[in-house]
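Contents: one structure, followed by commentary.
The values are calculated or read from the model by the stated rules, or taken from the named source; none is laboratory data. Everything quoted here is computed from the prediction, not taken from an experiment. Note that each Cβ is placed from the backbone with ideal geometry, even for glycine, and that neighbours are counted across all protein chains shown.
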Amino acid sequence: MVRKFFITLLLALLSLSCAEVPFTQRKALRLVSDQQLLSMSFQEYREVLKRSNLSKDPQKVESLRGVGQRISRAAEEFLRRAGLQHKIANYKWEFSLIEDPKVVNAWCMPGGKVAVYTGILRYTRDEKGLAVVLGHEIAHAILEHGNERMSQGLLIQMGGIALSAALANRPQETRNLFNQVYGVTASLGLVLPYSRIQEEEADRVGLILMAMGGYDPSSAIEFWERMKKEEGPKTPEFLSTHPLPETRMAYIRAYIPEAMKYFRPHVN
Ligand SMILES: [Zn+2]
């Protein structure tokens with residue numbers, strides 16, 4: 001009887017702490033409020049910038065900001081069309097280029113805090129390539145994948161305690177978890193990879209964001225072809241934390257026609 005009660009209670013708690021992923025409507029675990037994650041994100045982002053060497057190349061910095069602005073506007077419009085604009089109402093978009101040719105990586109924290117490492121510019125090559133990476137990372141953010149992974153991390157590593165309790169009682173551990181979730185510690189090999197499902201969702205929505213931002217989504221295939229050549233013992237972070245290029249190129253091809261419906265080429 002008691003056991004049955006606990007099972008019912010557990011099921012009730014789990015259903016309460018689930019939320020729908022925007023666009024794909026998949027149910028995802030949610031133990032953390034977006035507000036809590038946002039304030040943690042703003043703080044951690046400042047920390048990362050403080051200890052990083054920011055690029056002083058004005059052309060590259062400008063190019064990142066330009067592409068970032070187009071993709072973030074597309075993200076806002078994408079959510080507005082779905083009636084979900086409130087999800088990013090408190091976002092403060094920021095795009096930083098970190099000078100580190102050895103790091104082939106990029107990430108977007110909640111709140112629109114983006115970092116791109118100069119190592120990935122070898123593969124993005126131009127603004128279309130940059131749009132592939134930003135589209136993908138911003139899609140992870142607006143689909144709230146970080147919240148889902150942070151919730152899973154709190155459940156598995158800390159027994160399901162609330163984020164505020166975790167921060168108060170185990171601050172360093174909680175910050176480490178946050179940085180693992182968002183890929184900040186990629187170069188140390190401590191990243192919790194996104195799940196296959198999250199990756200496919202981010203690729204699918206990333207293509208739409210690119211298209212809405214004015215970039216031909218089929219450039220994604222060219223970018224992944226270039227990344228594919230790098231597979232091997234020294235696989236770059238951006239590749240090792242993501243599905244195999246063959247697998248992803250197959251489904252990216254299948255999603256391009258959907259994204260093309262949103263394509264608005266830009267003139268300038
Ligand atoms: Zn990803």
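Test of understanding: among 74, 89, 82, which residue is in contact with a helix residue (DSSP H, G or I) (Cβ under 6 Å, 6 or more places away or on another chain) and small (Gly, Ala, Ser)?
None of the others qualify; the one that does is 74.
Note down all Cβ pairs under 7 Å where the first residue falls in the stretch 136-161 and is over 30 Å from residue 213 (Cα atoms), the second is within 15 Å of the ligand (Cβ to nearest atom) and assigned to a helix (DSSP H, G or I), and they're at least six residues apart or on different chains.
153/181
Read through the list (1) of a type outside the set (Phe, Trp, Tyr); (2) at positive phi; (3) at pLDDT below 90, then give the number of the only condition that residue 83 fails.
Exception for residue 83: condition (3).
Hey, any hits in the stretch 14-34 for a residue that's closer than 22 Å to residue 184 by Cα and assigned to a helix (DSSP H, G or I)?
Scanning the stretch 14-34, I find at least one residue that is closer than 22 Å to residue 184 by Cα and assigned to a helix (DSSP H, G or I), so the answer is yes.
Looking for whichever is at pLDDT 95 or above and within 12 Å of the ligand (Cβ to nearest atom) here; the options are 204, 253, 196. Which one fits?
Unique residue meeting the criteria: 204.
Looking at (1) closer than 28 Å to residue 69 by Cα; (2) at pLDDT below 90; (3) within 16 Å of the ligand (Cβ to nearest atom); (4) over 15 Å from the mean Cα position of the chain (by Cα), can you tell me which one residue 180 breaks?
Here residue 180 clears every test but (4).
Can you confirm whether residue 147 is under 16 Å from the mean Cα position of the chain (by Cα), away from the ligand (no atom under 13 Å from the Cβ), within 23 Å of residue 23 (Cβ to Cβ) and among the polar types (S, T, N, Q)?
yes
Counting only residues that are within 9 Å of the chain's Cα centre (by Cα) and of a type in the set (D, E, K, R), which one in the stretch 93-144 is farthest from the ligand (Cβ to nearest atom)?
Among those that are within 9 Å of the chain's Cα centre (by Cα) and of a type in the set (D, E, K, R), it is 144.
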